[in-house]
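K.L.:
To start, I am sharing the structure in question, which I have written as structure tokens.
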Amino acid sequence: MSQATEVVGNPYAAELAAAKKAVALAARLCQRVQRSILHSDIQSKADKTPVTVADYGSQVLVCLVLKKELPSHSFSIIAEEDSKDLREDGAQEIIEHITTLINETIVNDGSYNMSLSKEDVLSAIDGGKSEGGPSGRHWILDPIDGTKGFIRGDQYAVALGLLDEGKVVLGVLGCPNLPLKSTNKNNSSSFGDRIGSLFFATIGCGAQVEALEGSEPQKISVCSTNNPVDASFFESFEASHSKRDLTSSIAEKLGVRAPPVRMDSQAKYGALARGDGAIFLRIPHKSYIETVWDHAAGSIVTEAGGMVKDAAGNDLDFCKGRYLDRDRGIIATNKHLMPLVLKAVQEAMKEEQ
Ligand SMILES: Nc1ncnc2c1ncn2[C@@H]1O[C@H](COP(=O)(O)O)[C@@H](O)[C@H]1OP(=O)(O)O
Ligand SMILES: [Mg+2]
Ligand SMILES: [Mg+2]
Ligand SMILES: [Mg+2]
């Protein structure tokens with residue numbers, strides 16, 4: 001762990017170091033699975049979304065590392081996955097595979113001399129049932145954000161945030177398939193052509209990025225363009241995750257000329273935070289209720305000079321438990337463009353009715 005991440009005066013330095021170690025270890029398990037994923041490694045949940053052995057393995061490793069690295073801290077975590085499907089008949093093989101993957105990842109890493117049983121794994125997964133809320137400290141984890149991208153061999157993120165008294169104060173985004181080098185030509189970076197980015201931010205301390213396997217971190221900031229004509233925008237890769245008719249009419253109202261950059265997961269927030277694109281638009285279908293784990297880490301990483309609002313222009317409210325209390329739609333961009341984007345979003349939504 002490079003010392004530079006322990007920014008002097010950062011009140012969350014210990015939590016940041018633990019979170020980075022947790023995300024990096026979980027990402028290693030995910031990379032291994034993505035390289036060799038089999039159909040048998042994938043399940044479909046009751047809500048019809050996919051989950052893989054890596055989603056579960058990542059959740060266990062993050063919880064384990066946080067508990068090991070922060071032993072004196074009370075532990076509350078809101079995490080996406082639970083063990084319900086794994087306790088069904090016929091899930092023996094998959095739970096065995098998850099347990100083997102976790103123990104092999106721990107051995108290869110060498111930080112901890114331990115081995116988990118299947119029961120340890122199931123109870124660790126169920127450790128993520130916290131309801132969070134406006135008081136106290138709660139970790140917020142999406143063990144694989146962008147599971148569809150993960151299965152397709154594309155972008156995904158291990159996304160870990162920390163909520164303290166109702167505010168997201170810390171975020172780490174592990175993006176194993178995102179090149180370290182920014183696509184923004186103005187960004188000088190000595191990162192070469194390495195793949196695998198780890199974004200992190202603490203409230204009031206800006207945001208940084210380093211190589212997933214570790215490197216000197218680099219401060220990042222959102223792109224500063226104030227003219228939407230020069231802006232490009234990120235949106236979901238999955239057509240079912242975003243109302244493309246709406247996002248394209250918003251882009252047209254803004255005069256954005258570049259086609260959308262479609263990318264799975266909160267890796268979009270990381271790419272935005274380092275200036276690869278200027279606007280992040282997420283307008284899911286009306287029936288979809290946003291979860292806190294899909295935005296906690298990404299929202300604070302974007303505070304690298306950017307802002308994140310819901311479609312009504314409110315800050316995201318992470319105080320209401322496992323779901324985001326927000327007006328439909330989430331926008332992230334720099335301070336100059338935010339008023340223009342909000343105006344275009346609200347006009348487009350009015351026309352939609
Ligand atoms: N129908 C849906 N609409 C929007 N988002 C969804 C939907 N189903 C799942 N998601 C979650 O929201 C995120 C969608 O964002 P994106 O499409 O930009 O990646 C995914 O990470 C996915 O979470 P997960 O993959 O963790 O299950
Ligand atoms: Mg999911
Ligand atoms: Mg998600
Ligand atoms: Mg997920």
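The values are calculated or read from the model by the stated rules, or taken from the named source; none is laboratory data. Being a predicted model, the structure only gives us computed values, none of them experimental. Virtual Cβ from ideal backbone geometry, glycine too; neighbours counted across all protein chains shown.
K.L.:
Of the numbered conditions (1) within 16 Å of ligand 3 (Cβ to nearest atom); (2) at pLDDT below 95, Lys148 satisfies every one except a single condition; which is it?
P.N.:
All conditions are met except number (2).
Table: residues versus (1) out of contact with any strand residue (DSSP E or B) (no Cβ under 7 Å at 6 or more places or on another chain); (2) free of Cβ contacts under 8 Å to residues at least 24 places away in the same chain.
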site	(1), (2)
Ser249	yes, no
Glu252	yes, yes
Gly255	yes, no
Asp276	yes, no
Ile279	no, no
Lys286	yes, no
Thr291	no, no
Ala297	no, no
Val308	no, no
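K.L.:
Could you list, in sequence order, all residues of the stretch 260-307 that are of a type in the set (A, V, I, L, M), away from ligand 2 (no atom under 16 Å from the Cβ), over 17 Å from Gln218 (Cβ atoms) and crowded, with 23+ Cβ neighbours inside 10 Å?
P.N.:
Met263, Ala278, Ile279, Leu281, Ile283, Ile300
K.L.:
Does the stretch 316-327 contain at least one residue that is on the phi > 0 side of the Ramachandran plot and either outside the structural domain of Glu165 (by TED's automatic domain parsing) or in contact with a Gly (Cβ under 9 Å, 6 or more places away or on another chain) (or both)?
P.N.:
yes
K.L.:
Filter the stretch 242-265 down to the residues that are within 16 Å of ligand 3 (Cβ to nearest atom) and in contact with a helix residue (DSSP H, G or I) (Cβ under 8 Å, 6 or more places away or on another chain), then identify the one that is nearest to Leu141 (Cα to Cα).
P.N.:
This residue is Ser265.
K.L.:
Can you tell me which residue is nearest to ligand 4 (Cβ to nearest atom) among those in the stretch 116-142 that are surrounded by fewer than 18 Cβ atoms within 10 Å (Cβ to Cβ) and part of a loop (DSSP other than H, G, I, E, B)?
P.N.:
Residue satisfying both the conditions and the ranking: Glu131.
K.L.:
Since Ile102 meets every condition but one in (1) at pLDDT below 95; (2) more than 21 Å from Gly153 (Cβ to Cβ), which condition does it not meet?
P.N.:
Condition (1) is where Ile102 drops out.
K.L.:
Sticking with this structure for a sec: Of all residues being assigned to a loop (DSSP other than H, G, I, E, B) and of a type in the set (S, T, N, Q) in the stretch 308-353, which is surrounded by the most Cβ atoms within 10 Å (Cβ to Cβ)? Just the residue, please.
P.N.:
Per the stated criteria, the residue is Asn314.
K.L.:
Considering only residues that are touching a residue at least 60 places away in the same chain (Cβ under 8 Å) and either among the polar types (S, T, N, Q) or within 16 Å of ligand 4 (Cβ to nearest atom) (or both), which ones fall in the stretch 228-240?
P.N.:
Those that are touching a residue at least 60 places away in the same chain (Cβ under 8 Å) and either among the polar types (S, T, N, Q) or within 16 Å of ligand 4 (Cβ to nearest atom) (or both): Phe237, Glu238.
K.L.:
Name every residue in the stretch 143-187 that is away from ligand 4 (no atom under 16 Å from the Cβ), touching a Phe, Trp or Tyr at 6+ places or on another chain (Cβ under 9 Å) and among the polar types (S, T, N, Q), in order of residue number.
P.N.:
The one that is away from ligand 4 (no atom under 16 Å from the Cβ), touching a Phe, Trp or Tyr at 6+ places or on another chain (Cβ under 9 Å) and among the polar types (S, T, N, Q): Ser182.
K.L.:
Would the stretch 51-67 turn up any residue that is over 28 Å from Gly153 (Cβ atoms), at pLDDT 95 or above and within 23 Å of the chain's Cα centre (by Cα)?
P.N.:
Yes.
K.L.:
Every residue in the stretch 227-266 that is more than 8 Å from ligand 1 (Cβ to nearest atom) and within 17 Å of the chain's Cα centre (by Cα), please.
P.N.:
Phe234, Arg262
K.L.:
Only one residue in Phe200, Phe150 is out of contact with any His (no Cβ under 6 Å at 6 or more places or on another chain) and within 16 Å of ligand 1 (Cβ to nearest atom), so which one is that?
P.N.:
Of Phe200, Phe150, the one residue that is out of contact with any His (no Cβ under 6 Å at 6 or more places or on another chain) and within 16 Å of ligand 1 (Cβ to nearest atom) is Phe150.
K.L.:
Follow-up. Is it the case that Ser83 is crowded, with 16+ Cβ neighbours inside 10 Å, in contact with a strand residue (DSSP E or B) (Cβ under 6 Å, 6 or more places away or on another chain), of a type outside the set (Lys, Arg) and under 29 Å from Tyr288 (Cβ atoms)?
P.N.:
Spelling it out, it is not the case that Ser83 is crowded, with 16+ Cβ neighbours inside 10 Å, in contact with a strand residue (DSSP E or B) (Cβ under 6 Å, 6 or more places away or on another chain), of a type outside the set (Lys, Arg) and under 29 Å from Tyr288 (Cβ atoms).
K.L.:
Hey, among Leu281, Leu337, which residue is closer than 28 Å to Arg152 by Cβ and assigned by TED's automatic domain parsing to the domain that holds Asp245?
P.N.:
Leu281
K.L.:
Just to be sure, is Ala207 out of contact with any His (no Cβ under 9 Å at 6 or more places or on another chain), crowded, with 18+ Cβ neighbours inside 10 Å and not assigned by TED's automatic domain parsing to the domain that holds Thr147?
P.N.:
Against the criterion (out of contact with any His (no Cβ under 9 Å at 6 or more places or on another chain), crowded, with 18+ Cβ neighbours inside 10 Å and not assigned by TED's automatic domain parsing to the domain that holds Thr147), Ala207 does not qualify.
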